[in-house]
Structure formats: C-alpha cells, structure tokens
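Colleague: Sending over a structure as structure tokens; questions will come in a sec.
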C-alpha cells in the first residue's frame, strides 16, 4: 500500500514507523525541522509495545504537499491537531491527484467534530475516524516513545461507510506492532475517548502531573467525576451513546481499569503547554461546551477547565 502521513507529530511518526515496519510505502508530510532530523537520523519507535528503527532512505519526508501532489495514495492518515482540520481538508481537496477511486482518509485526531469539517470539502464515504488511546511521546524530532496503551486503535465511519475499505490498513498496523481493528460503532468509541480526554487532559496540564496522579486524591477525582457527568448529559441529549450505560458505570471502569493502564502518561495538552503550542482544548471540553449550549445544558466544570487552559495558552 501507498500511505501518506499528514502531520509529523508524535502520533503521525509513531504510525509511520509502525507501517514501515509492516513493509508499506510511507510518505510523511511534516515541518522542516522534523524533515531535517528524519533525513539525517531516520525514525525510531520504542516503548511498551516494542522497538523499531527505520533508515532515512526507507521513506520520504516532505514539507509541502505539492511535493507529493501527483501521487495517488491508498490511505491518507491525518495526524494533525484538531484545530488544523479545516486547513488539512482544504489542502487534500485542492490536490485531487492524491486520491484514486478507492482511496480513504483516516482522521487520527482528538476531539469531536473533525469528520464533519472534512465532509465539508471531501466525500463523506471516503472519511474514517480512528480512536486512539495509546500514549505517544516525542522526546526528539525523530524519536517516538509509546508510554501507554489502553485499548487497540479502532477505525470506523461516522457516515455508515463499510468497514471492508479499512480492514487491510488495520491489519498492517497490527502487523507493525500496534493493536488495531475495524470498528462498526466508532461514534461510541469517539465519545469514550472524549470522556477520557475531557477528564484527564486539562487537569494533567494544570497540575503538571501524569494521569495516574489525578486518580490518587479525592479533590482531583471530584473534579473528574463532575466533568464526566456533564459529558454524559450532553452526549445523551445529542442522541449519542457509548459503551457504558451511565456515568456511574463509566466512572467505575475509569478508575479501576482505564486510568491505571495510562497512569504514567502525560497528556498531549500538557506537552503542548510546555512547548508553548496551541492545545486542542476547543475540540475537547470546548466541544462539550458548544454542544451543551445547543441543547440548553450547563457544563460549568468543563467551562472552568476550558478557561484555565486558554489562560495558560495565552501566557
């Protein structure tokens, strides 16, 4: 398969290394400093799911989509931050030769609303979402460490497209060392991820601690409990559901199973704040606030965390 990784951050490079290990042809669209490091040092993946190393001549990294605009890819994996979704969708749509008749676009992004943004510019039946609860951390521009792995990557369609089109991609990600499977109920998976991110990401950034520490004290647990109850109210009001029937049922799994599996991971929100970068808070707690407003549901805890993160960003 020919695969384009659109976005050379920790998740994009981690999946690139995985697919290269599985023997696929991979091109990476990344920033100039990442390109320079990859061309000089190659790509290294290590951590709790194993290790792999790819030499510089085994893949191509570009900084401008025009450099690969005449290639047709079987899959384009969009691994940008959620606030770049509109730009990425427009760039792909403006280069139609990137896509052949069977090409699929997989959104490997946090938050809610990315698929709708892409569907404004590209055919909905080509668009799939990936739910990732694997902790990717990039200590160097050409290195990715997997620090946590809660569940397999799930890939599916919010637009009722069949799963056959992405089964080969899932098999290759599996072969490369990261568990992955096609998912018929990806909306449930995405809301489960949103619950996880809304509760843990902003608090982890505010207190500068890994996920596990947040579950150790009653004060932080109380805040997370309230966040999760608010998200459940909004989810149910908008007609969606997840794999747990109630907030109480989810909270039991959250503290007993989910958080312990990711206890050592530091959130991407914390990593962005420390790097002086914009966070994805608008697609996380911000999305809950917007949906809550549409449904007339107050979400004060989500609003509080959202505003604290925006203050930290602007500083």
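Colleague: Give me the percent of DSSP beta bridges within the chain that run antiparallel, rounded to the nearest 5. Before the final figure, lay out each step's value.
Modeller: On the way: 11 of 38 bridges.
Counting only bridges with both partners in the chain, antiparallel ones make up about 30 percent.
Colleague: Shifting gears a bit: Averaging over all projection directions, find the projected area of the Cα convex hull of region 58-134 and quote it in nm² with one decimal place. Numbers along the way, then the final one.
Modeller: Working: hull surface 22.6 nm².
Spelled out: convex hull of the Cα atoms, projected over all directions, averaged, 5.7 nm².
Colleague: So how compact is region 188-314: Cα radius of gyration and Dmax in angstrom?
Modeller: 13.6, 38
Colleague: Under a plain spin-label model, where a point goes 7 Å from the Cα along Cα-to-Cβ, how far apart in nm are residue 264 and residue 116?
Modeller: Here the modelled spin labels are 3.9 nm apart.
Colleague: Mind sorting 269, 147 by how few other Cβ atoms lie within 10 Å of their own Cβ, fewest first?
Modeller: Going from least to most buried by this count: 147, 269.
Colleague: Let me ask something else about it. How tilted is helix 186-207 with respect to the longest principal axis of the chain? Cα atoms for both, answer in degrees (0 to 90, nearest 10).
Modeller: Helix 186-207 and the main axis of the chain meet at about 70 degrees.
Colleague: So if R0 is 51 Å, what FRET efficiency would residue 70 and residue 290 give, r being the distance between their Cβ atoms, rounded to the nearest 0.05?
Modeller: Details: r = 39 Å, r/R0 = 0.76.
Efficiency at R0 = 51 Å is approximately 0.85.
Colleague: Still on this structure, I have one more. To the nearest 0.05, how large is the calculated FRET efficiency for residue 238 and residue 209 if R₀ is 22 Å and r is the Cβ-Cβ distance? Mind dumping the intermediate values first?
Modeller: Working: r = 31 Å, r/R0 = 1.42.
For residue 238 and residue 209, the calculated efficiency is 0.10.
Colleague: If you don't mind, another one. Once the convex hull of the C-alpha atoms of the chain is built, how many Å³ does it hold per residue, rounded to a whole number? Don't skip to the answer; put the middle values down first.
Modeller: Values: hull volume 37.8 nm³, N = 315.
With only Cα atoms used, the chain gives 120 Å³ per residue.
Colleague: Pairing the Cα long axis of helix 300-314 with the longest principal axis of the chain, what angle in degrees results, from 0 to 90 and rounded to the nearest 10?
Modeller: 50
Colleague: Calculate, axis by axis, the spread of Cα positions in region 2-184 along the three principal axes, and write the results as whole Å, longest axis first.
Modeller: Projected onto the principal axes, the Cα atoms of region 2-184 cover 38, 35, 28 Å.
Colleague: Where does the chain land at 222 nm, in deg cm²/dmol rounded to the nearest 500, when only DSSP H runs of n ≥ 4 count, each adding -39500 (n - 2.57), divided by all residues? Intermediate values should be presented prior to the final figure.
Modeller: Working: 12 runs with 135 residues, N = 315.
Calculated mean residue ellipticity at 222 nm is -13000 deg cm²/dmol.
Colleague: Each label point is 7 Å from the Cα along the Cα-to-Cβ direction; what then is the distance between the points at residue 95 and residue 58, in nm?
Modeller: 2.4
Colleague: Compute the long axis of helix 285-295 from its Cα atoms, compare it with the longest principal axis of the Cα atoms of the chain, and write down the angle in degrees, 0 to 90, nearest 10.
Modeller: 60
Values in this text are rule-based calculations from the coordinates and carry no lab data. Model, not experiment: these values are computed from the prediction. Virtual Cβ from ideal backbone geometry, glycine too; neighbours counted across all protein chains shown.
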